[in-house]
Amino acid sequence: MATEPDRAAASPKQTRATFSNPVIPGFYPDPSICRVGETFYLVSSSFEYFPGIPLFESSDLVQWKQIGHVLTRESQLDLRAAGPSQGIYAPTIRWHDGVFFVTATNVSGGGHFIVHTTDPYGPWSEPVWVDQDGIDPSLYFEDGLTYFQSNVEPEPHGEHAVDPGFVRGIQQCVVDPFSGAKLCPTRFLWAGSGGRFPEAPHLFRRGASYYLLVAEGGTEAGHMVTIARAESPWGPFESNPANPILSHRSLASPIQSTGHADFVELDDGTWWAVLLGTRPHKGRHHIGRETFLAPVSWDSEGWPRIGENGKVLAEHVRPTLAQTTPTSSGRDDFDEAELAVEWASLRRPIGSNSSLTRRPGWLTLTGRSAHTGDPDLSFLGRRQQHVRFSASTLVEAQPASGEVGLIARMDERHHYEMFVTERSGQRFVVNRRVVGDMSAENSFPVSDGPLILAVSGNDDTYSFSCLSTDGLNEHNFQPVETRYLSTEVAGGFTGVFIGLYAVGAGATGEFDWFDYRES
Ligand code: 6LW
């Protein structure tokens, strides 16, 4: 799906040019960034999807190419108990002394872990576990010590029951990053500036000061980034009097819910922030929390501010780095030995339920679950990265009484699909909408033979259509509303995936190609 970036020579004109946000569209929240020489690496949360923690590379901070995932083996990533929006939360990536480290939390088993590698293309190590409560772990290396931060959670994330005596905030210990062993007790660092849910800590140094960057306000409309500083990694931390240093709360900006930032410094002395944000339409968003980039400026008192006076814009002036061009084609002909990196399954590798060799040049999926709301659905999908998009696939389906189809999936209880099935000896194409407890279907009969299944979307609707390759059968289903797949309806932390699936023990689907594009 991807080609190497073409690097154009930097010219004064190019360095003054702007870039568009988000730099990584679609469900890629909680970004964390590190720099190794002239190359940047970025990771984001992946929740119940397998493999875990998408990993990107860039040389200009604007064009990002996914190079793989950090967690590619079941021994690293146990999601068996992960419900929707559980599993992997908020990774941090750091490079120290020739080694890459990623820490994150598996909220569905094990808690915080650290993995490492010398080659970001993998393989990454087995996880080591750190015994500290909370979510959103981070790492800071200095003088041979590895400082390990996280937030403090009074109970499993998501409940937020109020204990009046409990102070939320950021805590820290020192760890051995190769064993996970704690080398000192955990100490409380900072309670934040007063917003709810202080989280997403990152500790870094600039000059003689240690800065503690955090998110507050919750990941919805009240989200913000605040900062404190100290003369030691242990504090005491002094809150920036001008906090927050980024927030879009109550602004009429097309970009909302900005927060959860991480900083990187360039050779030219400029600092940049990656952060999450959303682009709602009529107060709702369905393609998830996305990754944005913004410049960081420092005032004369040594406090940073993100973007244009604490706001992220749809366009900012580019970093002074040689500009690269887009890399991803969005088409998979299933001709390679392995699936392209964009694909993910649910909770575990799709394993023997998928094959690229059973029929060479085709992706074969076989059913294993009873229905599309099953947590163990035989599914391969990619993130819907653009509100306006189209996706299509050519399928030869042997569905038996099961289903072979194309799905727009938010979670187990919120998804729209179009599938081929057989009922009373007749083959049908069915469009089903599942919203919570409600399910509705429309169907029409088709004859045997290959079909092109397509879905397109805009702000308000998805449209499913089906065409037989002999041109004799064409059916366009009534558009269905995007709003019921939105985060505001479905809840949770994820975004819509567009995927291929098979349901039912006897169902087989052979897919010749899959094409996804922004429209
Ligand atoms: C993440 C927390 C948050 O751990 O949402 O945006 C949680 N903030 O920091 C899941 O993405």
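The values are calculated or read from the model by the stated rules, or taken from the named source; none is laboratory data. The structure displayed is predicted, hence computed values, not measured ones. Because the Cβ atoms are built from the backbone with ideal geometry, glycine has one as well, and the counts that use them run over all protein chains shown. In case anyone asks, the SASA skips ligands and DNA or RNA and just uses the protein heavy atoms, side chains included. Shrake-Rupley method; radii C 1.70, N 1.55, O 1.52, S 1.80 Å.
Among the residues of the stretch 128-148, just one is open to solvent by 70 Å² or more (accessible area, probe 1.4 Å) and within 16 Å of the ligand (Cβ to nearest atom), namely Asp133. Tell me which residues, restricted to the stretch 92-142, are acidic (Asp, Glu) and either part of a loop (DSSP other than H, G, I, E, B) or in contact with a helix residue (DSSP H, G or I) (Cβ under 7 Å, 6 or more places away or on another chain) (or both). Listed by number, the residues that qualify are Asp97, Asp119, Glu126, Asp131, Asp133, Asp136. Residues that are farther than 17 Å from Phe178 by Cβ and within 15 Å of the ligand (Cβ to nearest atom) occur at least once in the stretch 111-127. Apart from one condition, Gly158 fits all of (1) at pLDDT 95 or above; (2) touching a Ser or Thr at 6+ places or on another chain (Cβ under 9 Å); (3) within 13 Å of the ligand (Cβ to nearest atom); the exception is (1). Filtered by the rule that a residue be within 15 Å of the ligand (Cβ to nearest atom) and either surrounded by fewer than 22 Cβ atoms within 10 Å (Cβ to Cβ) or without any contact (Cβ under 8 Å) to a residue 40 or more places away in the chain (or both), the stretch 198-218 gives a lone residue, Gly218.
Please count how many residues of the stretch 360-395 are open to solvent by less than 20 Å² (accessible area, probe 1.4 Å) and charged (D, E, K, R). Of the residues in the stretch 360-395, 2 are open to solvent by less than 20 Å² (accessible area, probe 1.4 Å) and charged (D, E, K, R). For the stretch 456-472, residues that are over 25 Å from Pro254 (Cα atoms) and open to solvent by less than 40 Å² (accessible area, probe 1.4 Å) total 4. In the stretch 55-67, the residues that are without any contact (Cβ under 8 Å) to a residue 40 or more places away in the chain reach residues that are crowded, with 19+ Cβ neighbours inside 10 Å and assigned to a loop (DSSP other than H, G, I, E, B) with C-beta atoms within less than 9 angstrom, at least six apart or across chains, in these pairs: Phe56/Tyr28; Phe56/Pro31; Phe56/Ser44; Phe56/Trp64. Any idea which residue in the stretch 473-506 is nearest to Tyr89 (Cα to Cα), counting only those that are among the aliphatic types (A, V, I, L, M) and either open to solvent by 10 Å² or more (accessible area, probe 1.4 Å) or touching an Asp or Glu at 6+ places or on another chain (Cβ under 6 Å) (or both)? Ranking the qualifying residues of the stretch 473-506, first place goes to Ala490.
In this entry, Ser439 passes the filter for residues that are farther than 17 Å from Thr393 by Cβ, modelled with pLDDT of 95 or more and open to solvent by 50 Å² or more (accessible area, probe 1.4 Å). Against the conditions (1) farther than 14 Å from Val312 by Cα; (2) open to solvent by 10 Å² or more (accessible area, probe 1.4 Å), Gln256 satisfies every one except (1). Looking across Ser424, Ser369, one residue alone is in contact (Cβ under 8 Å) with a residue 24 or more places away in the chain and outside the structural domain of Pro54 (by TED's automatic domain parsing). It is Ser369. Of all residues assigned to the stretch 340-357, none qualifies as being within 25 Å of the chain's Cα centre (by Cα), surrounded by fewer than 20 Cβ atoms within 10 Å (Cβ to Cβ) and assigned to a strand (DSSP E or B).
Can you spot a residue in the stretch 77-85 that is within 16 Å of the ligand (Cβ to nearest atom), farther than 20 Å from Pro31 by Cβ, modelled with pLDDT of 95 or more and open to solvent by 30 Å² or more (accessible area, probe 1.4 Å)? Yes, the stretch 77-85 contains a residue that is within 16 Å of the ligand (Cβ to nearest atom), farther than 20 Å from Pro31 by Cβ, modelled with pLDDT of 95 or more and open to solvent by 30 Å² or more (accessible area, probe 1.4 Å).
Taking strands (runs of 3 or more DSSP E) as the structural unit, those lying wholly within the stretch 406-519 and holding at least 2 residues that are within 22 Å of Asp374 (Cβ to Cβ) and touching a strand residue (DSSP E or B) at 6+ places or on another chain (Cβ under 8 Å) correspond to 414-423, 426-435, 438-445, 451-457, 461-468, 497-503, 508-518. If I ask for residues that are open to solvent by 10 Å² or more (accessible area, probe 1.4 Å), in contact with a Ser or Thr (Cβ under 8 Å, 6 or more places away or on another chain) and of a type in the set (Asp, Glu), which ones from the stretch 264-300 would you list? Within the stretch 264-300, just Asp268 meets the criteria.
Among the numbered conditions (1) away from the ligand (no atom under 16 Å from the Cβ); (2) closer than 29 Å to Thr146 by Cβ, the only one that Ser253 does not meet is (2).
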